[in-house]
1. Return the only residue of B:G228, B:G194, B:G235 being out of contact with any Cys (no Cβ under 7 Å at 6 or more places or on another chain) and within 25 Å of B:L69 (Cα to Cα).
2. Picking from A:L126, A:L171, A:L144, A:L160, which residue would you name as being surrounded by 19 or more Cβ atoms within 10 Å (Cβ to Cβ), on the phi < 0 side of the Ramachandran plot and at pLDDT 85 or above?
3. Among the residues of segment A:214-234, count how many are more than 23 Å from B:V70 (Cβ to Cβ) and away from chain B (no Cβ under 14 Å).
4. Among the residues of segment A:42-87 satisfying the criterion of being among the β-branched types (V, I, T) and crowded, with 23+ Cβ neighbours inside 10 Å, which is farthest from A:N191 (Cα to Cα)?
5. For segment B:52-86, what are the residues that are among the aliphatic types (A, V, I, L, M), touching a Leu at 6+ places or on another chain (Cβ under 8 Å) and more than 8 Å from every other protein chain (Cβ to nearest Cβ)?
6. Kindly indicate which of A:G10, A:G45 is within 30 Å of A:A182 (Cβ to Cβ) and modelled with pLDDT under 90.
7. Given the conditions (1) within 10 Å of chain B (Cβ to nearest Cβ); (2) surrounded by fewer than 22 Cβ atoms within 10 Å (Cβ to Cβ); (3) among the hydrophobic types (A, V, I, L, M, F, W, C); (4) under 20 Å from A:G208 (Cα atoms), report the number of the one that A:M281 does not fulfil.
8. Report, by residue number, each residue of segment B:206-219 that is surrounded by fewer than 20 Cβ atoms within 10 Å (Cβ to Cβ) and assigned to a helix (DSSP H, G or I).
Amino acid sequence: MSGDLLGWWGVPLAVLAGAIRVSTPFLFVSLGECITEKSGRINLGLEGTLVMGAMSGYAVSYLSGSPWLGVLAAGCAGAVFGILHALICSLPRVNDIAVGIALMLFGIGLAFFLGKPFIQPQAPNLPSIPFGWWSENAQVRDALRVNALFIIGVILAPFLLWAFRNTRWGLILRTVGDSADAALALGYAINRVRMFATASGGFLAGVGGSFLSLSYPGSWSEGLSSGQGITAVALVIFARWNPMLCFWASLLFGGAAALGPALQSVGITQGYYLFNAAPYMLTLLIMILTCSRDRTLAGAPGELGVTR
Amino acid sequence: MVVIGGEGALVLGGLAASAIAMTMPSAAPLVVQIAMAVAAMIAGAAWIALAGGLRHWRGVNETISSLLLVYIAIAVFNHLVEGLLRDPASLNKPSTPNIGDANMLGTIPGTDIHWGLAYGIIACVLAYILIYRTTFGFGMRVAGGNVKAARMVGLPVGRLVLVACGLAGASAGLAGMVEVAAVHGKANASLIVGYGYTGILVAFLARHNPLAIIPVAIQLGGIGASGGLLQRRLGLPDATVLVLQGLIFIAILTSEVLYGRLPWLKRRPA
């Protein structure tokens, strides 16, 4: 029972483990939203995309027996939602924030509708890689079982940062996001670039959703997502549209979300529900501290509706 | 401004209403009902005005902050219902104590409809008068149409935003009070079923005209109520209603394109 000997040290350990575990959906959704927002559009529907991804990932994993196929299916479902958002928004006079809210309702509804038969059965989950093999302590080993998707996310964040800065695609994307007029003058098809950006954003959000149903908590239920999609959208603003900062912010949020259960495990149950809201309070607090009414945020894409 | 935090104001309004009813066990029913309505409206107003204030003073995007506030409101609600305000008798489903049968809103004589409907219609008419028939409403519409123009002509944009948010929150809070006082009789998790989100859909469907809200809200209430019927008769899951609502919402937003293209669809001057 060496696990119990940790006592109070179990709290920071659990927070660390939680940070890695809980942050993965945050990470994927915020990276996806980062791509979308760089192109000058905001997709609030990622909450719906996330739930839809969780459902389709779980369903395909259950039916095919392969969790990676499930991840792919989740991504494709997310991409379809992204394309839908992009198509509707490319019509004149359509508000992208309102469409996002509509797609959020629609995505959640559709996922619940189609997901009913998959609440009971157990689908194969994604594998975890044990990084804690060196330790004798069960708690440490448990904390360091890192999921493969998290590692993909860790690689993806610096790659996106590099791609935004150093590739032709990244430059086109940023041009479209910063000034649609300039992009038009250069001869780029703005709507096509935005469609591509929103679709890839949706794909990543769908993959983030599949993490929820295939790794942690690891099953499909209707209460699976509690606003991760929306928090991730706020997180992109906090991370200043920088993929690497998105990664650190996701870790911070994962840690905040894990604080409540971690404290509960050492016997502090007072204010359990309030600790559950810690990520949201933290987001709000950070947004209050970092926003200003007098200037737009540094690094904000010029075409973005939220900062105008 | 697009604020999607009505759910939080509704939840807190319901909680405030049941909390205030707890503190006055022996007062006359009418007094209790008025106190409940006022408490719910203050709680809701403060909650949404917070989002408006953050927007005004700190430039925090109100759509996102209000949505975050929903989750915080639900956490506060759960914390209080599980702890301080919990009725010891409610074992499986934590609730606040019953507000008492005498304090419930009754039904309109001759029908099954509770008085909440009257509250709603009065609120719609008041909102219409406020928005289209007063100087304040005019200022609000100018600020909503173009903030720079509003500042230029010297309108107090900050105050307008705060008051508008406060009123919006107050009506959402009142909805929470009606739910508690007419349907549940106490505040518990059944309050959190997404009326706040359906309300956004209603507002968009009604094209932001308070008078149009009355038929649209009744229509959507009907769709919501049909969920049970769909489940029993056709064996469809209850999420059907959500899918339908999402589809309606998307269709309405997309139809924005048709303005000016069809002869009978003309944009009304704001």
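The values are calculated or read from the model by the stated rules, or taken from the named source; none is laboratory data. Just so it is clear, the structure is predicted and the values come from calculations on it, not from any experiment. Cβ atoms come from the backbone with ideal geometry, glycine included; neighbour counts cover every protein chain shown.
1. Criteria check complete, one pass: B:G194.
2. The conditions single out A:L160.
3. Result for segment A:214-234: 5.
4. Looking at the filtered set, the residue picked out is A:V60.
5. B:A73, B:L80, B:V81, B:L85, listed by residue number.
6. A:G45
7. (4) is the only condition that A:M281 fails.
8. B:P210, B:L211, B:A212, B:I214, B:P215, B:V216, B:I218, B:Q219
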